[in-house]
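Quick notes on the structure that follows.
Coordinate-derived values only; no laboratory data. All values reported here derive from a predicted model rather than from experimental measurement. Here Cβ is always computed from backbone atoms with ideal geometry, including for glycine, and neighbour counts include all displayed protein chains.
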């Protein structure tokens, strides 16, 4: 579905991403893990069009999309969430989701009056129900709890009916109970969409991923299904620290 | 300032009776401030007051009211950018001045046809705002303000130093033409009352047109840009074109005011491009209420009349403008419309 080939990006002398290659299979959950500073977020930014790579390619279903701007990637079916909640805090929950739905409308309807543009409202209502946010539809996103805001983050991504859903630490700052809910939610999405996930919560990753990529110092250290990752001594040493490796 | 504005808007929505779910949802969609019932009522009352004003105003104040409406166009244009796209322009006077100079030069040297002058001024402002906008919009926050400020100052200096277009004296003796509205229906600008109602009518149309345009899918993209422009591209919109369109549209509205100005005062001068005019427009929209569209027009009337009254006592009326600015920023950031929404919106929950 989405394939990364020999991707590199430097910031000054720092090689944040160093010849990274991997492929995310359709309708599977592919996770990228690694210690802080491993280059996970940079890799995400390169794929989602936030940053331009120095070299390498990104392919979406065989088409080269390297360096495409974010708004075009979104149109092509790549939706991303953000590690630090990045929403329209001054707008209502419904309006956040409706606004995302609206981008699917034909461009020549952009001067249509909002109350005559009913399809996005209907779709947004459905999405809010699915995500259990219909109770707070009229609330300002800024007034929601952190957990609900993280939910809206995923909801507006799904509103774009993406083919690839990129989630940047969706459980960031969440309680264990909330994490478990997101766990179920992501699993339920996986049948419909290709998920690419960055996550710090190792249990969550091991639980839901079909494929795991371990990054370390900008490079891909290991790649494989969760049980192999768990068993790999190299991963233990780099990621979990020396004491785990010894144990 | 904007946050308070948004809060005022949302409290307004929430306080309404819930009704059906669909109705509630649609109301939430129409969260654009310019569309709330109270703002419509304010607009209607303002229009009524404006319509009967010349009966009491006399010719001096009627002409002053025309001036207020013309400067109100700049304030409206500031509001489109600040209240909807989140762009603070400190150089909207550039388009007022540009249109005023183009109009003056056309009347003096080329034609007496109002429609031809309208077309020329509007086209020059259109081209200029498209080019400047395409550059300025790439800059964020304060840099956008600085670029717009800088370019307006450059235009002011160029006119100031160019002898051929009057230099520091500006252009004087601009003939007052008549407009052929329809074949056989000529309207004289020389008659203050006719002039007043003509300008009032046009400003109403500009206000309604702007409100209509901002109450569309396009307007909702602008509101999203104002709220969090970094997120917008990830939802499939290229913010650049939306901002540019808003910028060109705002410039056209400021240009209308500028185009009429020489007909009112009979002269144009470099100060029309100046910082004082641009900032005054910002203060006007702040006083009326940013993001309400009607507020800036009210603000313009208030500031223009206040300045005229105070100006007859002291040269230093700018001090007053500064004080008003500070007071509103500190105590009433959502302006008079915001105050009205909080006062008359009975039973409104105020969010923490």
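Compute the distribution of all C-alpha to C-alpha distances in chain A, in bins of 5 Å from 0, and list the percent of pairs in each, rounded to whole numbers.
1, 6, 13, 17, 18, 16, 12, 8, 5, 2, 1, 0, 0, 0
For the range B:175-216, place one equal point scatterer on every Cα, skip the solvent, and apply the Debye formula. What is log10 of I(q)/I(0) at q = 0.26 Å⁻¹?
With no solvent term, the Cα-only Debye profile gives -0.87.
Within 10 Å, count the other beta carbons around each residue, average over each peptide in A:91-102, B:265-276, and list them highest first.
A:91-102, B:265-276
Counting residues in chain B as N, plug N into 2.2 N^0.38 Å and put the Cα Rg over that result.
Compared with the compact-globule rule of thumb, chain B sits at 0.99.
Give me the one-decimal nm value for the distance between modelled label points at residue A:188 and residue A:27, 7 Å along each residue's Cα-to-Cβ direction.
Each label point lies 7 Å from its Cα, and together they span 1.8 nm.
How large, in Å, is the range B:208-322 by the Kirkwood hydrodynamic radius built from its alpha-carbon pairs?
Taking every pair of different Cα atoms in the range B:208-322, averaging 1/r and inverting gives 16.4 Å.
Over its Cα atoms, what ratio of radius of gyration to 2.2 N^0.38 Å does the range A:1-127 give?
1.26
Quick one: B:159, A:66, fewest Cβ neighbours within 10 Å first, how do they rank?
Arranged by neighbour count, lowest to highest, B:159, A:66 become A:66, B:159.
Determine one quarter of the surface area of the Cα convex hull of the range B:243-282, which equals its mean projected area, and express it in nm² to one decimal.
With every direction weighted equally, the projected area is 3.2 nm².
So for the range A:92-153, Kirkwood radius off the Cα pairs, Stokes-Einstein at 4 °C and 1.567 mPa s: how many µm² s⁻¹?
108
For a quick check: sort B:128, B:325, B:331, A:11 by the number of other beta carbons within 10 angstrom, fewest at the front.
In increasing order of surrounding Cβ atoms, one gets B:331, A:11, B:325, B:128.
What would the Debye formula give as log10 I(q)/I(0) at q = 0.16, 0.17, 0.18, 0.30 Å⁻¹ for the alpha-carbon point model of the range B:46-97, no solvent?
After summing over all Cα pairs, the log10 values are -0.59, -0.63, -0.68, -1.07.
Quick one: Kirkwood hydrodynamic radius for the range B:276-335, alpha-carbon pairs, angstrom, one decimal?
Its Kirkwood hydrodynamic radius stands at 11.3 Å.
For the range B:275-337 and the range B:156-219, write down the distance between their C-alpha centroids in whole Å.
22
Starting from the exponent 0.38 and prefactor 2.2 Å, build the expected Rg for the range B:162-248 from its residue count and divide its actual Cα Rg by it.
Rg over 2.2 N^0.38 Å, computed on Cα atoms: 1.73.
Over the alpha-carbon set of the range B:103-257, work out the extent along each principal axis and list the three values in angstrom, largest first.
Here the spans come out as 54, 39, 21 Å, largest first.
Using the 10 angstrom Cβ neighbour count as an exposure proxy, how do B:194, A:195, A:17 rank, fewest first?
B:194, A:195, A:17
Relative contact order for chain B: what percent, with Cα pairs under 8 Å and sequence separation of 6 or more?
34
Testing the spin-label approximation: label points 7 Å from Cα along Cα→Cβ at residue B:240 and residue A:107. State their distance in nm.
Between residue B:240 and residue A:107, the simple spin-label model gives 1.3 nm.
Using Stokes-Einstein with the Kirkwood hydrodynamic radius over Cα pairs, what translational diffusion coefficient do you get for the protein assembly as shown at 37 °C and a viscosity of 0.692 mPa s, in µm²/s rounded to a whole number?
123
Could you pull the Cα extents of the range A:35-81 along its three principal axes, largest to smallest, in whole Å?
Each principal axis gives a Cα extent; for the range A:35-81 these are 31, 24, 16 Å.
What are the semi-axes of the equivalent ellipsoid for the range A:57-198, taken as the square roots of 5 times the Cα gyration tensor eigenvalues, largest first, in whole Å?
Over the Cα atoms of the range A:57-198, the ellipsoid semi-axes are 23, 22, 13 Å.
May I ask for the distance between the Cα centers of the range A:74-99 and the range B:87-107, given as a whole number of Å?
First find each Cα centre; the distance between them is then 38 Å.
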